[in-house]
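Novice: For reference, the structure I am asking about is given below.
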Amino acid sequence: MARPLRALTRGGRDPFLAAPWLAIALFAAPLGTGLAGTLLPAFGWLPALGGAAFGVAPWQRLLAMPELAGAVRVTLTSGVLGTLGALALAVIFVAGLHARPVFAWLRPCLLPLLAIPHLALAIGLAFLLAPSGWVARLVALPLGWDRPPDLATVNDPAGLALALGLALKEAPFLALMLLAAAGQVEAPRQLAVARSLGYGPGEAWLKVLLPQLYPQLRLPLFAVFAYSLSVVDVAIVLGPATPPPLAPLILRWLNDPDLSLRFPAAAAALLLVVLLAVSLGGWRGLERALARWLRPSLGRGAAPRCEPLLRVGGALSAVSVVGLGLLGMLALSLWSFAGRWEFPALLPEAWSTRSWSRALPLLGGPLWTTVWIAALCAVVALVLVIACVEHEALGGRRPTHRVLALAYLPLLVPQLAFLFGFAVLLAYLRLDGTALAVVWAHLVFVLPYTLLLLREPWLALDPRFARTAHALGKGELTVLVRVKLPILLRPVLIAAAIGVSVSTAQFLTTLFAGGGRVPTLATETLAMASAGDRRSAAVGGLVLALLPLVAIALATAWPRLRARRRQGLP
């Protein structure tokens, strides 16, 4: 197929030949140099700070830190429970509800929930789960409480609130990945065959589809696990402070006035990579053990008691994922306009716009910076990804697991493991503290998401469209602009909107690349949340959430309006 396509182009040349190399360089250069820039200080080599000899002194100092053991424990607890919770919620949500009419209403909610930045949802969940939050107020009214309970429901020492926040935020991502993978295995036909053998819809999904889909879900699941182990902004809002998880503790050491702490901080960043590698190895071993244990049950026939449990579980997962997410956003809205609001009242006693008038002047500059950086990242990522998939389509190559693994690489490495070294590279290039450095840092994460969202729809396009246009004498660029882009407008816009969301949510990358001199909504909102002012934090969180939601709304509405206009409808 590739030869006829190239034969119809002018000269048989591929105009997108350099695109894959440029895309790889954009995220591989920061990743490779960043890891090297963290590895060397971890073993004592950083001449700028007096480290001119290799050794294990940074590791000895790290192991002597009294907070280390507690930080590792909280990191593993919240990371493992958050990832397992997200997987369970996603699987039960799809398996238990996919055949019910309510699923048609719930499925469109997954994309907006995915687009909401982690920090905004974490602040909303904190408003719900705090001792004086909505959940406690609902319990206080019937029990007659007049003061909040003395219970650490947020920032608890075990990190359970952090695990819950991670599970609720990552479940929509895994559910969408499951649904996308199901479209590649002829799911309706297989489910119909299973139903004819007596299986219920939920049990058929679990026993027939899930074993086929899990290999495609493994890399997204590992990306969720890597993020859960190394998250900083959500951990600051929901996680414990004494000791904090390992990632916030590393950030604290890196920002300490004592510059010698950079060496144990680099060692701790490598320790985070080791924890991730060991955990993923254990996860793979658990996969094999569960496969051997569950394989006999797949051939035992239908289990009538399974279906009611799946329906109840699907309803509970929908309430947890969609319900708590929407309630968190509602809590942000109420707190941003709340005046006097005493416990245990469910609603504020007075309303005020004072929080907005106080916070908006502080957020105006960061908002504009966030908008143009996110828009630029989305556009650059789209151009590069479209050129890459066009090169792949022209060459007749199909996606492989190695290519997917390469695309996921920036998502599978803890950010702190390479951002410190990347900051050193930026300083060497004299780009540190500039907006260009922030754009480059954001692209490291926007590119993989855009590539993964756009590759499958692009390569699934019927090649006869392009062949017909080539037969009429049109070149590759003309076919791309006049044929392919109009047909694939919706997935292109969705990928761009998710790119905007990913860029908007970047906190650590902005902090390291910008050196604190390029404030964005994420950095300012976390500063407001850390200051303890609920109303200002609510305003910042709401503005932070609205930007990606507006992008998602435009991405879904524009193709519909365009289609209606072309059909001549009013």
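The values are calculated or read from the model by the stated rules, or taken from the named source; none is laboratory data. Remember, predicted model here, so these are calculated numbers, not experimental data. Glycine gets a Cβ as well: all are built from the backbone with ideal geometry, and neighbour counts include every protein chain shown. These accessible areas exclude ligands, DNA and RNA; they are computed on the full protein's heavy atoms, side chains included. Shrake-Rupley method; radii C 1.70, N 1.55, O 1.52, S 1.80 Å.
Novice: Can you bin every Cα-Cα distance in the stretch 119-232 into 10 Å intervals starting at zero and give me the percent of pairs per bin, rounded to whole numbers?
Specialist: Bins of 10 Å from zero give 12, 29, 22, 20, 14, 2 percent of pairs.
Novice: Right, another one. Helix by helix, which DSSP H runs in the chain go 27 Å or more along their axis at the Cα atoms and have an average Kyte-Doolittle hydropathy of 0.5 or more?
Specialist: 19-42, 68-97, 160-182, 210-230, 262-298, 354-395, 435-459, 534-566
Novice: Using amide H atoms built 1.01 Å from N in the peptide plane, name the residues 5+ places from Gly51, or on other chains, whose amide H lies under 5 Å from its own.
Specialist: Leu46
Novice: Rg and Dmax of the stretch 237-298, using alpha carbons, in Å: what are they?
Specialist: 18.1, 59
Novice: Mind ordering 524-536, 73-85 by average Cβ neighbours within 10 Å, highest first?
Specialist: Sorting 524-536, 73-85 by mean packing, highest first, produces 73-85, 524-536.
Novice: Treating cross-link reach as a plain straight distance, find the lysines whose alpha-carbon is under 24 Å from the alpha-carbon of Lys484, omitting any fewer than eight places away in the same chain.
Specialist: Correct list for Lys484: Lys474.
Novice: Take each of the peptides 320-327, 114-121, average the number of other beta-carbon atoms within 10 Å over its residues, and list them starting from the highest.
Specialist: Going by the mean number of other Cβ atoms within 10 Å, highest first, we get 114-121, 320-327.
Novice: With no solvent and one point per C-alpha, what does the Debye sum give as log10 I(q)/I(0) for the chain at q = 0.08, 0.10, 0.11, 0.13 Å⁻¹?
Specialist: For the chain at q = 0.08, 0.10, 0.11, 0.13 Å⁻¹, log10 I(q)/I(0) is -0.59, -0.93, -1.12, -1.48.
Novice: Follow-up question, since we're still on this one. How large is the dipole of the stretch 162-224 about the Cα centre if only Lys and Arg carry +1 and Asp and Glu carry -1, each at its Cβ, rounded to the nearest 20 debye?
Specialist: The dipole magnitude comes to about 40 debye.
Novice: If you don't mind, another one. With a 10 Å radius around each residue's Cβ, average the other Cβ atoms per peptide and rank 308-317, 487-496, 276-285, highest first.
Specialist: 487-496, 308-317, 276-285
Novice: With every protein chain present, what is the per residue accessible area of the chain (1.4 Å probe, Å²)?
Specialist: That works out to 45 Å² for each residue.
Novice: How much net charge surrounds Leu178 when only other residues with a Cβ under 13 Å from its Cβ are counted (Lys, Arg +1; Asp, Glu -1)?
Specialist: +1
Novice: Taking the alpha-carbon distance from Lys169 and a cut-off under 28 Å, which lysines remain once sequence neighbours fewer than 8 residues away in the same chain are dropped?
Specialist: Lys207
Novice: In addition: Per residue Cα convex hull volume for the stretch 378-512, in cubic angstrom?
Specialist: Dividing the Cα hull volume of the stretch 378-512 by its residue count gives 118 Å³.
Novice: In units of 2.2 N^0.38 Å, what is the alpha-carbon radius of gyration of the stretch 33-165?
Specialist: 1.57
Novice: A further question follows. Principal axis lengths of the stretch 312-361 from Cα atoms, whole Å, largest first?
Specialist: That gives 44, 28, 10 Å along the principal axes, largest extent first.
Novice: Hull surface divided by four, with the convex hull built on the Cα atoms of the stretch 420-469: how many nm²?
Specialist: Taking a quarter of the hull surface, the average projection is 5.4 nm².
Novice: Also, I was wondering about something else. For the chain, which whole-number percentage of the solvent-accessible area (1.4 Å probe, protein heavy atoms only) is attributable to carbon and sulfur atoms?
Specialist: After summing per-atom areas, the C and S share lands at 68 percent.
Novice: So what's the convex hull volume per residue for the Cα atoms of the stretch 100-165, in Å³?
Specialist: Roughly 124 Å³ of hull volume per residue.
Novice: Amide H of Ala338: which non-local residues (sequence gap of 5 or more, or other chain) have their own amide H closer than 5 Å, using H built in the peptide plane?
Specialist: Residues meeting the amide H criterion: Ser352.
Novice: Additional query: Give me the orientation-averaged projected area of the Cα convex hull of the stretch 57-98, in nm², one decimal.
Specialist: For the stretch 57-98, averaging the hull's shadow over all directions gives 3.4 nm².
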